[in-house]
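**Q** This structure is in structure tokens; I'll ask about it shortly.
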Amino acid sequence: MANKLLSAIEDDVFLSEGSVPIVIEGLEHSYDTKDSLPDESMHNSHELLYLREGKIELVLGGESLTLTKGAVVVIRPLVRHKLTIKSSKADMLNLYFGFVHGSSDLEQTRQTLKSNKAALKQSNSAGPSVSIPGSLAKISLESFLKFADLGITEDNDMTRLPFFVIKGSEKKEINDLAERIVIEDSENRYAKDLMVHTLTVELMIILSRALRSEWEENLRVKNGKAKELVAIAKQYMDENFDQGITVSDAAAYVFLSQGYFTRAFRDDTGISPMNYLMKKRIEKACKLLQNNEIKVSAISLQSGFSSPQRFNVAFRKQMGMTPMEYRKKYV
């Protein structure tokens, strides 16, 4: 029963032309300053590093990072990185994951990983104990996030970064999910594969929220960037307000969360995006009401309102009279 449900979930994702995340392995490492560490590491998978205790220095992508307890870093595939212990002891969890397209790719990857489980980890190597299929390095994190419609696409500034440092409130959720995946994967419990898959998808969604928050934070410090996106969204609203679009639609058009978009729009225009949409719709309705041959119910739809009732309420609120009273007074 659990296997059938897992297959149904995966097939639904594939039919939507998305990418399915797959966890390769989760490892717990404990080091001290006396341990001999490899000069460099590089993997065919994404790597999530969660520092449980201690302090480390991570050199990757030509940049040096100092990480302390609770830090979370996501390293892209094929990025060389080196670890140095900066405290008496460092305890970390490393979760290796990737993405596949299509049921055949998923099954082949699972079989490859299963056959590689017998491979022994070399004494001076870092990373997963299994050989990772090279195909996992070809599909980006953005391919999943784009499928999930979570606002991070392959043409924004973040896609060029070799790693991400998770800083927001989602960090604890990510840590907890990584721990649960490792525990679940190590135990032979009923519906284990389904649970691991479910937790992995949840982890990807929380990661996407964290990355989106980071992107929006970056916009705050880039002169004119937020203003530019508001201008693009405003033009979209001007051209489509009578098509029933929502504030959420406008925010998604420029890949911003609705909350951030609303604040940025108000800061730039002095009006909320909801009030702006309503103003545009009422202005068009007033023009249409001057034509006695158009029914009020038709005007509500042509102005972008979902129903005549909503139109009447909004019109009275903004104009101080009903649409029919406006028509009698001004026509």
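**Q** Can you give me the number of residues within the range 298-331 that are polar (S, T, N, Q), surrounded by 12 or more Cβ atoms within 10 Å (Cβ to Cβ) and either free of Cβ contacts under 8 Å to residues at least 40 places away in the same chain or not assigned by TED's automatic domain parsing to the domain that holds Tyr236 (or both)?
**A** 3
**Q** Tell me which of these Phe241 doesn't satisfy, since it passes every other one: (1) at pLDDT 85 or above; (2) over 24 Å from Gly320 (Cβ atoms); (3) of a type in the set (Phe, Trp, Tyr).
**A** Result: Phe241 passes all but (2).
**Q** Another question, if that's okay. Pull up the range 78-105, narrow it to residues that are under 18 Å from the mean Cα position of the chain (by Cα) and closer than 13 Å to Lys138 by Cβ, then point me to the one that is surrounded by the fewest Cβ atoms within 10 Å (Cβ to Cβ).
**A** So the residue we want is Val100.
**Q** State whether one or more residues within the range 249-269 are at positive phi and exposed (fewer than 14 other Cβ atoms within 10 Å of the Cβ).
**A** Looking through the range 249-269, none of the residues is at positive phi and exposed (fewer than 14 other Cβ atoms within 10 Å of the Cβ).
**Q** Just to be sure, is Ser306 within 17 Å of Gln243 (Cβ to Cβ) and among the polar types (S, T, N, Q)?
**A** yes
**Q** Can I ask one more? Which residue, of Phe261, Phe241, is touching a residue at least 24 places away in the same chain (Cβ under 8 Å), within 26 Å of Ser208 (Cα to Cα), in the same structural domain as Ile299 (by TED's automatic domain parsing) and not aliphatic (A, V, I, L, M)?
**A** Phe261
This table checks each residue for (1) surrounded by 20 or more Cβ atoms within 10 Å (Cβ to Cβ); (2) aromatic (Phe, Trp, Tyr); (3) at pLDDT below 80.
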{"position": "Leu177", "(1), (2), (3)": "yes, no, no"}
{"position": "Arg180", "(1), (2), (3)": "no, no, no"}
{"position": "Asp185", "(1), (2), (3)": "no, no, no"}
{"position": "Asn188", "(1), (2), (3)": "no, no, no"}
{"position": "Met195", "(1), (2), (3)": "no, no, no"}
{"position": "Ala210", "(1), (2), (3)": "yes, no, no"}
{"position": "Glu214", "(1), (2), (3)": "no, no, yes"}
{"position": "Asn218", "(1), (2), (3)": "no, no, yes"}
{"position": "Gly224", "(1), (2), (3)": "no, no, yes"}
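The values are calculated or read from the model by the stated rules, or taken from the named source; none is laboratory data. Since the model is a prediction, treat every value here as computed from it, not as a measurement. FYI the Cβ positions are ideal-geometry reconstructions off the backbone, even for glycines, and counts take in every protein chain you see.
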